[in-house]
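A.B. asks: Would you mind keeping the following structure in view while I ask a few things?
The values are calculated or read from the model by the stated rules, or taken from the named source; none is laboratory data. Predicted model, so just to flag it, every value in this text is computed and none were measured. Because the Cβ atoms are built from the backbone with ideal geometry, glycine has one as well, and the counts that use them run over all protein chains shown.
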Amino acid sequence: MSVFRRAANGLRVFGRALAPAPSVDMRPDWEQAEPVWIKRALTHSQALPTGGWYALDASRAITDAPQRYEVEGRALVVWRDAHGLLAAPEACPHLGASLATARACEGKLVCPWHGLALGRDGYKGWKPFATHDDGVLAWVRLDGFTDDLTEAPILPSRPARALDAVMRVEAQCEPRDVIQNRLDPWHGVHFHPHSFGTLRVIDRAEDAITVRVAYKLPLSLAVEVDARFHCPDARTIAMTIIAGEGSGSIVETHATPISAGRTAVIEATLATSERPGFGAAIAAAPVLRPIMAWAAKRLWTEDAAYAERIYALRHQISIGQPRLAAIRRKRGSGLTATG
Ligand code: FES
Ligand SMILES: [Fe+2]
């Protein structure tokens with residue numbers, strides 16, 4: 001039942017009451033956010049298999065028009081034909097023209113330089129990679145980076161009926177920095193005061209952490225939920241709402257290496273609800289999706305700064321040169337590290 005239950009940090013908390021759950025640690029956030037625990041959880045995540053799969057973008061972002069993506073330093077052209085998603089080397093196998101600038105004709109890419117038509121059957125050494133479209137995200141599998149190739153990406157459990165939105169930002173860091181950012185939930189209230197009213201840890205294991213968090217809404221309202229973070233693979237961290245409004249909803253944060261020191265953060269939010277009005281929310285998806293993506297991007301503008309900061313610090317240590325002064329804040333597209 002919907003009620004305004006109490007004030008937390010001046011907020012009126014809306015939604016189902018949660019069962020009492022004591023904090024696992026009463027120390028200040030900065031003490032709870034132990035570097036040793038975060039490092040151990042990160043090490044655990046980095047040992048997980050990926051199956052060789054990389055999230056590229058929102059599934060709906062891929063059309064029959066070719067687009068260029070870069071993964072692990074390899075340039076890819078990505079498009080759709082009548083049978084589905086395709087990803088292949090972006091350079092034409094003849095003399096190297098960019099196939100991202102090709103014309104699509106009946107599902108094939110017609111090279112702009114000499115007219116070679118290339119499709120899912122390939123041509124000599126040029127052939128499409130394995131792809132996967134899970135309905136929300138588009139994936140590509142690259143060989144040569146792991147021996148543990150799987151038929152499909154390793155996905156966390158998703159709700160059966162969901163309103164989904166995807167945002168993509170790029171940051172000057174490595175995938176592990178993106179994962180580390182999410183393995184530190186304690187920064188939420190301090191670093192994103194516009195989004196989080198309260199946040200406390202109610203369970204902590206070696207490879208997962210559960211927080212009770214009040215997420216701010218307009219008009220001094222907030223919704224309080226229990227959210228569990230865990231890593232289904234080495235480049236993904238998922239936050240699942242396990243109690244409260246929208247239980248079963250999930251936010252999947254996928255980190256795809258673009259090239260050395262450059263990473264794409266592709267975040268899919270799959271929101272669900274048992275409330276009767278949720279059907280109307282699904283129907284309003286075209287309106288709600290941009291709002292959801294905007295909220296995710298606002299957090300990632302700041303979290304990219306966090307990830308880039310720890311990347312810069314680590315790099316400074318490894319090569320012994322100052323890099324911190326090179327960090328420049330650039331709202332809307334994360335940070336750019338230069339120098
Ligand atoms: S470079 Fe593509 S057909 Fe010649
Ligand atoms: Fe954050």
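A.B. asks: Restricting the first residue to the range 99-119 and requiring it to be in the same structural domain as V78 (by TED's automatic domain parsing), which pairs with a second residue that is away from ligand 2 (no atom under 16 Å from the Cβ) and of a type in the set (D, E) meet a Cβ separation below 6 Å and a spacing of at least six or different chains?
C.D. replies: From residues that are in the same structural domain as V78 (by TED's automatic domain parsing), the pairs are L99/E90; A100/E90; A104/D64; G107/D81.
A.B. asks: Under the condition of being aromatic (F, W, Y) and in contact (Cβ under 8 Å) with a residue 40 or more places away in the chain, which residue from the range 120-148 is nearest to T253 (Cα to Cα)?
C.D. replies: W139
A.B. asks: Looking at the range 75-96 only, could you name the residues that are within 12 Å of ligand 1 (Cβ to nearest atom), within 23 Å of D143 (Cα to Cα) and part of a loop (DSSP other than H, G, I, E, B)?
C.D. replies: Result: E90, C92, P93, H94, G96.
A.B. asks: Further question: Quick one: is S273 farther than 24 Å from A307 by Cβ, touching a strand residue (DSSP E or B) at 6+ places or on another chain (Cβ under 8 Å) and not in a strand (DSSP E or B)?
C.D. replies: In short, no.
A.B. asks: Considering each of L155, L109, L137, L118 in turn, give the residue that is buried (at least 18 other Cβ atoms within 10 Å of the Cβ) and in contact with a Cys (Cβ under 8 Å, 6 or more places away or on another chain).
C.D. replies: Result: L118 is the single residue among L155, L109, L137, L118 that is buried (at least 18 other Cβ atoms within 10 Å of the Cβ) and in contact with a Cys (Cβ under 8 Å, 6 or more places away or on another chain).
A.B. asks: While we're on this one: Of everything in the range 9-40, what is part of a helix (DSSP H, G or I) and of a type in the set (V, I, T)? Give them in sequence order.
C.D. replies: Matches in the range 9-40: V36, I38.
A.B. asks: V201 passes all but one of (1) surrounded by 20 or more Cβ atoms within 10 Å (Cβ to Cβ); (2) in contact (Cβ under 8 Å) with a residue 24 or more places away in the chain; (3) hydrophobic (A, V, I, L, M, F, W, C); which number fails?
C.D. replies: Here V201 clears every test but (1).
A.B. asks: Also, I was wondering about something else. Condition first: crowded, with 23+ Cβ neighbours inside 10 Å and within 20 Å of V201 (Cβ to Cβ). Now tell me which residues in the range 250-282 satisfy that.
C.D. replies: Listed by number, the residues that qualify are I250, T253.
A.B. asks: Please pick out the residue among I154, I179 that is within 23 Å of D57 (Cβ to Cβ) and in contact with a helix residue (DSSP H, G or I) (Cβ under 9 Å, 6 or more places away or on another chain).
C.D. replies: Going through I154, I179 in turn, the sole match is I179.
A.B. asks: Return the residue satisfying two criteria in turn: it lies in the range 158-174 and is within 18 Å of E72 (Cβ to Cβ) and more than 16 Å from ligand 2 (Cβ to nearest atom), and of such residues it is surrounded by the most Cβ atoms within 10 Å (Cβ to Cβ).
C.D. replies: Residue satisfying both the conditions and the ranking: Q172.
A.B. asks: With respect to A33, is the statement that it is touching a helix residue (DSSP H, G or I) at 6+ places or on another chain (Cβ under 9 Å), of a type in the set (A, V, I, L, M) and within 14 Å of ligand 1 (Cβ to nearest atom) true?
C.D. replies: Judged against the criteria, A33 is not a match.
A.B. asks: Kindly indicate the residue of the range 41-58 that is in a loop (DSSP other than H, G, I, E, B) and of a type in the set (A, V, I, L, M, F, W, C) and also nearest to V140 (Cα to Cα) among those meeting that condition.
C.D. replies: If we take residues in the range 41-58 being in a loop (DSSP other than H, G, I, E, B) and of a type in the set (A, V, I, L, M, F, W, C), then L48 is nearest to V140 (Cα to Cα).
A.B. asks: Does the range 228-243 contain at least one residue that is surrounded by fewer than 18 Cβ atoms within 10 Å (Cβ to Cβ), farther than 27 Å from A47 by Cα and within 20 Å of the chain's Cα centre (by Cα)?
C.D. replies: Within the range 228-243 (the criterion being surrounded by fewer than 18 Cβ atoms within 10 Å (Cβ to Cβ), farther than 27 Å from A47 by Cα and within 20 Å of the chain's Cα centre (by Cα)), the answer is no, since none of the residues qualifies.
A.B. asks: Okay, next question. Being in contact with a Leu (Cβ under 7 Å, 6 or more places away or on another chain), within 16 Å of ligand 2 (Cβ to nearest atom) and at pLDDT 95 or above, is that true of even one residue in the range 183-201?
C.D. replies: yes
A.B. asks: May I ask you to list the residues in the range 64-98 that are over 13 Å from G119 (Cα atoms), free of Cβ contacts under 8 Å to residues at least 60 places away in the same chain, surrounded by 14 or more Cβ atoms within 10 Å (Cβ to Cβ) and hydrophobic (A, V, I, L, M, F, W, C)?
C.D. replies: Answer for the range 64-98, where residues must be over 13 Å from G119 (Cα atoms), free of Cβ contacts under 8 Å to residues at least 60 places away in the same chain, surrounded by 14 or more Cβ atoms within 10 Å (Cβ to Cβ) and hydrophobic (A, V, I, L, M, F, W, C): A75, A91, A97.
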